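Trainee: First the structure, then my questions, so here it is.
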Amino acid sequence: MGSHSALQILYGAKQEGLRTKVYCLKGNESLYERFPVTKNIVSIDSYDDLLEIKPDSGEIFIPHGTIIATLDEKALEIPIPFFGNREGMLWEMKREKNLHLLQESAIRTPKSINAENIDQPSIVKFPGAKGGEGYFLCSTTMEFESKISDLLEEEKISKKDAQEVQIQEYIVGVTMYPHYFYSIIYDRVEMLGIDRRYETNVDALGRISQEQMKIAPSYKVVGNQPLIIRESLLPDILDYGDRLSETSKRLFPPGLIGPFCIELALTTEELVAFEFTSRIVAGTSLYVAGSPYSKILFNEEMSMSRRIAREIKLAMGQRRLEELLS
Ligand code: AMP
């Protein structure tokens with residue numbers, strides 16, 4: 001689907017010699033015409049049209065964040081075989097399930113806070129993967145209630161959103177988003193790169209003095225920056241990926257397949273996970289020509305999307321393609 005990380009997905013598939021096709025919202029075609037990634041652009045009027053698509057034989061859909069953000073659970077009904085396990089997307093979408101998977105993997109998550117007992121800096125999140133849009137901070141129950149009623153009044157959230165808010169302790173740490181890939185063919189979790197998100201306006205607030213900081217932070221992702229971490233942190237990062245993968249096999253067999261990510265913050269004491277994603281994350285597009293980690297692992301320019309295409313090819317060679325699809 002033409003958005004999110006589509007340029008990278010198409011390019012990686014092409015590098016591996018697979019045929020490419022992009023479904024594209026009418027009006028957005030020129031992006032995929034201006035970069036030489038596919039000759040097969042199919043225009044659609046809305047994301048809902050994906051639910052009616054009659055796929056070509058051999059077509060494989062690579063799901064990404066826009067599909068989840070726009071179609072929500074309907075995304076699971078797209079009638080094209082998905083690369084990966086659709087059930088993982090359901091676990092990603094539902095905040096309680098998302099946290100449950102992390103907690104079952106013995107990964108530290110932010111403490112959940114009850115709306116009636118807010119007494120520390122807290123972050124308030126609404127349902128759906130909207131890239132951190134609309135989150136707000138508060139430190140008391142009164143502040144929470146007043147901000148929620150303002151948002152309702154301004155029709156920025158629905159009553160349902162207000163009922164389904166999730167309130168968490170605010171983690172003061174530096175964020176990092178490792179890009180994992182579970183390979184069925186090699187039966188291993190690979191770590192192909194790490195990014196950090198560039199979020200507006202929270203990443204701009206450090207540029208003004210504290211006295212002027214009466215500005216509410218927001219967490220809308222506008223881009224991603226590469227990150228290389230201290231080597232001594234890598235064992236924990238790899239261990240988190242292994243544990244999440246193992247738990248996913250237990251909770252929704254055959255578990256996460258292909259790309260997944262854990263959104264982490266490192267405080268002065270510990271590594272805390274906000275959530276996991278069950279599919280390619282946009283930060284992987286930094287590494288179209290490979291990351292330092294993927295270069296060391298494969299000794300070639302291995303992006304996440306090329307890795308997906310490589311897995312498809314390896315599976316085809318072993319007549320195991322069905323195992324990667326759902
Ligand atoms: P999420 O939608 O959970 O991926 O969160 C989007 C962004 O909000 C993250 O990338 C973080 O910058 C920030 N964030 C989310 N949860 C927390 C938390 N508990 N403490 C501090 N920052 C958070």
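Coordinate-derived values only; no laboratory data. All figures in this text were calculated on a predicted structure; none of them were measured in a lab. Don't worry about glycine lacking a Cβ; one is built from the backbone with ideal geometry, like all the others, and counts go over all protein chains shown.
Trainee: Within the range 112-220, report the GluC sites (Glu not before Pro) that DSSP leaves as loop and that have at most 11 other Cβ atoms within 10 Å.
Mentor: Answer in residue order: 154, 155.
Trainee: Computed from the mean reciprocal separation of all distinct C-alpha pairs, what Kirkwood hydrodynamic radius does the range 30-186 have, in Å?
Mentor: After inverting the pairwise mean of 1/r, the radius is 18.7 Å.
Trainee: The range 275-326: which trypsin sites (Lys or Arg not before Pro) are DSSP loop and have at most 11 other beta-carbon atoms within 10 angstrom?
Mentor: The qualifying sites are 319.
Trainee: About the Cα centre of the chain, what is the dipole size in debye to 20, counting +1 per Lys and Arg Cβ and -1 per Asp and Glu Cβ, all else neutral?
Mentor: The dipole of the chain has a size of about 1040 debye.
Trainee: How large is Rg over Rh for the range 97-208, taking Rg from the Cα atoms and Rh as the Kirkwood inverse mean of 1/r across Cα pairs?
Mentor: Computed over Cα atoms, the ratio is 1.03.
Trainee: Further question: Take the alpha carbon atoms of the range 68-125, find their radius of gyration, then divide it by 2.2 N^0.38 Å using N residues; give the quotient.
Mentor: 1.47
Trainee: Tell me, what ³J(HN,Hα) does each residue in the range 274-283 have, in order and in whole Hz, if you take phi through Karplus 6.51 cos²θ - 1.76 cosθ + 1.60 with θ = phi - 60° and put x for Gly and Pro?
Mentor: So the Karplus estimates, Gly and Pro as x, are 7, 6, 10, 10, 9, 8, 4, 9, 5, x Hz.
Trainee: Moving on. Give the order of 64, 100 when sorted by the count of other beta carbons within 10 angstrom, beginning with the fewest.
Mentor: Placing the least packed residue first, the sequence is 100, 64.
Trainee: Kirkwood hydrodynamic radius (Cα pairs, Å) of the range 1-99?
Mentor: 14.2 Å
Trainee: Given the DSSP H assignment, sum -39500 (n - 2.57) over each helix run of at least 4 residues in the chain and divide by its residue total; what's the result at 222 nm in deg cm²/dmol, nearest 500?
Mentor: -9000 deg cm²/dmol
Trainee: Calculate, axis by axis, the spread of Cα positions in the chain along the three principal axes, and write the results as whole Å, longest axis first.
Mentor: Each principal axis gives a Cα extent; for the chain these are 59, 47, 39 Å.
Trainee: Which residues' amide hydrogens lie under 5 Å from the amide hydrogen of residue 84, considering only partners 5 or more residues apart or on another chain, with H built in the peptide plane?
Mentor: Here the answer is 325, 326, since their amide H atoms fall under 5 Å of that of residue 84.
Trainee: If you don't mind, there's one more thing I want to ask. By the scheme Lys and Arg +1, Asp and Glu -1, what is the net charge of all other residues having a beta-carbon under 12 Å from that of residue 177?
Mentor: -2
Trainee: For the range 253-326, state which GluC sites (Glu not before Pro) are in a DSSP loop and have at most 10 other beta carbons lying within 10 Å of their beta carbon.
Mentor: For GluC sites (Glu not before Pro) across the range 253-326 that sit outside H, G, I, E and B with at most 10 neighbouring Cβ atoms in 10 Å, the list reads 269.
Trainee: Which whole-percent values make up P(r) of the range 115-169 when all C-alpha to C-alpha distances are grouped in 5 Å steps starting at zero?
Mentor: 4, 21, 34, 27, 13, 2
Trainee: Moving on. With unit charges on the beta carbon (Lys/Arg positive, Asp/Glu negative), name the residue among 299, 193, 10 whose Cα is farthest towards the positive pole of the charge dipole of the chain.
Mentor: Ranked along the dipole, the leading option is 299.
Trainee: Follow-up question, since we're still on this one. Quick one: give the max-minus-min coordinate of the C-alpha atoms of the range 228-309 along each principal axis, largest first, in Å.
Mentor: Result for the range 228-309: principal-axis Cα extents of 35, 32, 20 Å.
Trainee: Which net charge results when you count Lys and Arg as +1 and Asp and Glu as -1 among the other residues whose beta-carbon is under 11 Å from that of residue 303?
Mentor: Once positives and negatives cancel, what remains is +1.
Trainee: Still on this structure: Treating only the Cβ of Lys, Arg, Asp and Glu as charged (+1, +1, -1, -1), what charge dipole size does the range 115-169 show about its Cα centre? Round to the nearest 20 debye.
Mentor: 240 debye
Trainee: Next question. Compute the Rg to Rh ratio over the range 90-150 from the alpha carbon atoms, using the Kirkwood formula for Rh, and round to two decimal places.
Mentor: Result for the range 90-150 is an Rg/Rh of 1.00.
Trainee: Return the long-range amide H neighbours of residue 194 (sequence gap of 5 or more, or a different chain), with a cut-off of under 5 Å between placed amide H atoms.
Mentor: 179, 227
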